[in-house]
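Undergrad: Okay, handing you the structure first.
Laboratory data are not the source of any read-out in this text; all were calculated from the coordinates shown. Only a predicted model underlies this, so the values are computations on that prediction, with no experimental measurement involved. Quick reminder, even Gly has a Cβ in these numbers, built from the backbone with ideal geometry, and neighbours come from all protein chains shown.
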Amino acid sequence: MLFAIGKNDIDYIVFANGKVQKFDHTAYNDETIEKNSRDLYQDQHKIAVKTDFLSLATNTTSLTFEKCLSPGQSVEFSLGAVGLGFGDLDEKASGILFRGGYKFMRNPDFYMKDMRYAHILKGRYIKLEFDFASYSAKDDYAYDNYNNETDNITKWAALVVFGNQWVFNDSFLIDLYSGIGLGGNNCDGEEYYYPHGFLTVGNESPFAFSFGLRLGFLLK
C-alpha cells in the first residue's frame, strides 16, 4: 500500500513500510521531451533500398528507394522493368513501371522503457501512392495463334497502401503491404494481362489493387 502527497511540481510517494520517495514532475517531463527529441535518431539509417520479391512472379523487377523526412513521415519511389522476372514468359512483356508516394507511420513502435521509436523506419504505415506502367505484351487471347498481336498497354492508379515494415539491427528490413484505390488502362474489353506492378480491373470498373513483399537494406 502507498500514498501520494503533492506539493507544487513534486510528489512524495509514501510506501507501506514507511519509505518516502520523491517524484519530480518537472524533471520527468524534461526527460521525456529529451528522449523524444530528433537527436535520438541521428545515428540511425534513414535511407532504404528495397526490391519486391512477389513482383518477380509477374515477370517484373522493381527497385524502391525510401527516405525518412521526419519521425513518422517518409517519401518512397520505385522504378521497375517489366519483362525481367518469372511468370508467363510467352507474354513477352517489355516496359517500365513507376511508383511514388508519401508514407505516414501509424502508431509507431516504441521501446517501453525509454518511450521512443525503436527505429525511425519501423512500424505500421499508410501511404498515398500514384502508380504508372507502360509496356508491350503479346496478346495470348488472339484467335489466330499464328498471328498473335503485340499490344501497347498503359495503366495508372491512385492507391491508399497499408503496410508494416520491420527493421533489424539498423541494416535489414522487411516491408509487407497491400493497396486499394482507383485506376484504369487502355485495354479493350476483356483483354487482361499479368498484373505487372499493380492490377487494374478494366474499363468497366475503376478499381485498382496492389500487394507485395519487399526485402532490403538501409543506408546512412
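Undergrad: In nm, to one decimal, how far is the Phe86 label point from the Asn169 one, both placed 7 Å along Cα→Cβ?
TA: In this crude spin-label approximation the distance works out to 2.7 nm.
Undergrad: Taking 0.36 nm per residue of sequence separation and subtracting the Cα-Cα distance, how much length would be gained by fully extending the chain between Asp43 and Asn152, in nm to one decimal?
TA: Taking Asp43 through Asn152 to full extension adds about 34.6 nm, to one decimal.
Undergrad: Show me, for the range 167-184, the HN-Hα J-couplings you get by feeding each phi into the Karplus relation (A = 6.51, B = -1.76, C = 1.60, θ = phi - 60°), rounded to Hz, glycine and proline as x.
TA: 3J(HN,Hα) across the range 167-184, in whole Hz: 10, 10, 6, 6, 9, 10, 9, 10, 10, 10, 8, 8, x, 9, x, 10, x, x.
Undergrad: Once you place label points 7 Å from the Cα toward the Cβ at Ser136 and Ile96, how far apart are they in nm?
TA: 1.6 nm
Undergrad: Step through the residues of the range 123-137 one at a time and calculate ³J(HN,Hα) from phi using the Karplus curve (6.51 cos²θ - 1.76 cosθ + 1.60, θ = phi - 60°), rounding each to whole Hz and writing x for Gly and Pro.
TA: These are the phi-based 3J(HN,Hα) values: x, 6, 8, 10, 10, 8, 9, 10, 10, 8, 9, 9, 7, 9, 8 Hz.
Undergrad: Another question about this same structure. Taking the range 150-220 as the region of interest, what is the percent of Cα-Cα pairs per 5 angstrom bin, listed from the shortest bin to the one with the maximum distance?
TA: Each 5 Å bin holds this share of Cα pairs: 4, 15, 22, 17, 13, 11, 9, 6, 3, 1.
Undergrad: Run the quick spin-label model on Val201 and Leu63: label points 7 Å from Cα toward the beta carbon, then report their separation in nm to one decimal.
TA: Between Val201 and Leu63, the label points sit 3.6 nm apart.
Undergrad: What order, most packed first, do the peptides 161-172, 124-135 have when packing is the mean number of other Cβ atoms within 10 Å of each residue?
TA: 124-135, 161-172
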